[in-house]
Amino acid sequence: MKVLKIDHLGIAVKNLDEAIKFYKDVLGLELVKIEEVPQEKVKIAMFKIGETHIELLEATSPDSAIAKFIEKKGEGIHHIALRVDDITKAMEELKSKGARIIYDKPREVAHGERIINFIHPKSAHGVLLEIVKRRKEE
């Protein structure tokens with residue numbers, strides 16, 4: 001497994017529109033896209049910052065992981081995403097080294113642009129890590 005770089009930082013927010021205003025208007029970051037990710041029950045806004053991104057996540061369902069996170073911990077950093085060269089190989093290697101992986105199989109999100117999975121925070125010293133393989137570079 002090769003970690004190429006930090007792909008993005010995921011930030012859980014209560015109101016995506018309000019959060020977008022801050023990151024776009026106050027910080028001056030470039031808004032790349034807004035989209036819904038039904039399988040994760042979230043709506044996201046992706047901002048480009050250098051070679052990485054900030055991903056704002058708003059729950060679209062009260063039973064989503066983001067809604068539960070905000071209810072328990074409030075708004076804030078939800079996860080750190082690491083770009084990998086081969087997600088299947090990364091999952092196999094992580095499992096062989098005792099890391100707990102959230103999904104049995106990687107999931108395609110963003111209309112197939114990204115393939116993802118998560119490393120459970122109990123395996124990563126309290127941090128939810130996402131592993132990401134992008135079909136094309138951004």
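So the values come out like this:
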read-out: Loop trypsin sites (Lys or Arg not before Pro), segment 1-88, which have at most 13 other Cβ atoms in a 10 Å radius of their Cβ (DSSP); value: Lys2, Lys14
read-out: Fluctuation leader among Ala19, Ala124, Ala81 - the chain, Gaussian network, Cα springs under 10 angstrom; value: Ala124
read-out: Rounded to 5, percent antiparallel among DSSP beta bridges of segment 56-131; value: 70
read-out: Dimensionless Rg ratio for the chain, taking C-alpha atoms and the 2.2 N^0.38 Å reference; value: 1.02
read-out: HN-Hα J in Hz across segment 126-136 - Karplus 6.51, -1.76, 1.60, θ = phi - 60°, x for Gly and Pro; value: x, 10, 7, 10, 9, 9, 10, 10, 9, 6, 9
read-out: Phi-based couplings in Hz for segment 40-46 (Karplus 6.51, -1.76, 1.60; Gly and Pro marked x); value: 9, 6, 9, 10, 10, 10, 10
read-out: Label-reachable residues, segment 51-76, where backbone N falls under 14 Å from a point 7 Å from Glu113's Cα toward its Cβ; value: 52-56
read-out: Probe 1.4 Å - accessible area at Leu57, Å² to nearest ten; value: 10
read-out: Neighbourhood charge, 15 Å Cβ-Cβ cut-off, centred on Glu71 and excluding it, Lys, Arg +1 and Asp, Glu -1; value: +2
read-out: For the chain, built as a Gaussian network whose Cα springs stay under 10 Å, the top-fluctuating residue of Glu75, Glu30, Glu18; value: Glu18
read-out: Of all DSSP beta bridges in segment 7-77, antiparallel share, percent nearest 5; value: 75
read-out: Whole-angstrom gap from segment 1-21 to segment 104-134, using each part's C-alpha centre; value: 13
read-out: Cα gyration tensor shape of segment 66-134, rounded if a/c is under 1.5, else prolate or oblate by comparing a/b with b/c; value: oblate
read-out: Label-point separation, Leu4 to Ile77 (7 Å along Cα→Cβ), nm; value: 2.3
read-out: Estimated [θ] at 222 nm from DSSP helical runs (n ≥ 4, -39500 (n - 2.57)) normalised by residues in the chain, nearest 500; value: -5000 deg cm²/dmol
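The values are calculated or read from the model by the stated rules, or taken from the named source; none is laboratory data. What you see is a predicted model, and the numbers here were worked out from it, not measured in a lab. Using ideal geometry, Cβ is built from the backbone for each residue, glycine included, and neighbour counts are taken over all protein chains shown. Remember, those area values only see protein heavy atoms, side chains included, never the ligands or the DNA or RNA. Shrake-Rupley method; radii C 1.70, N 1.55, O 1.52, S 1.80 Å.
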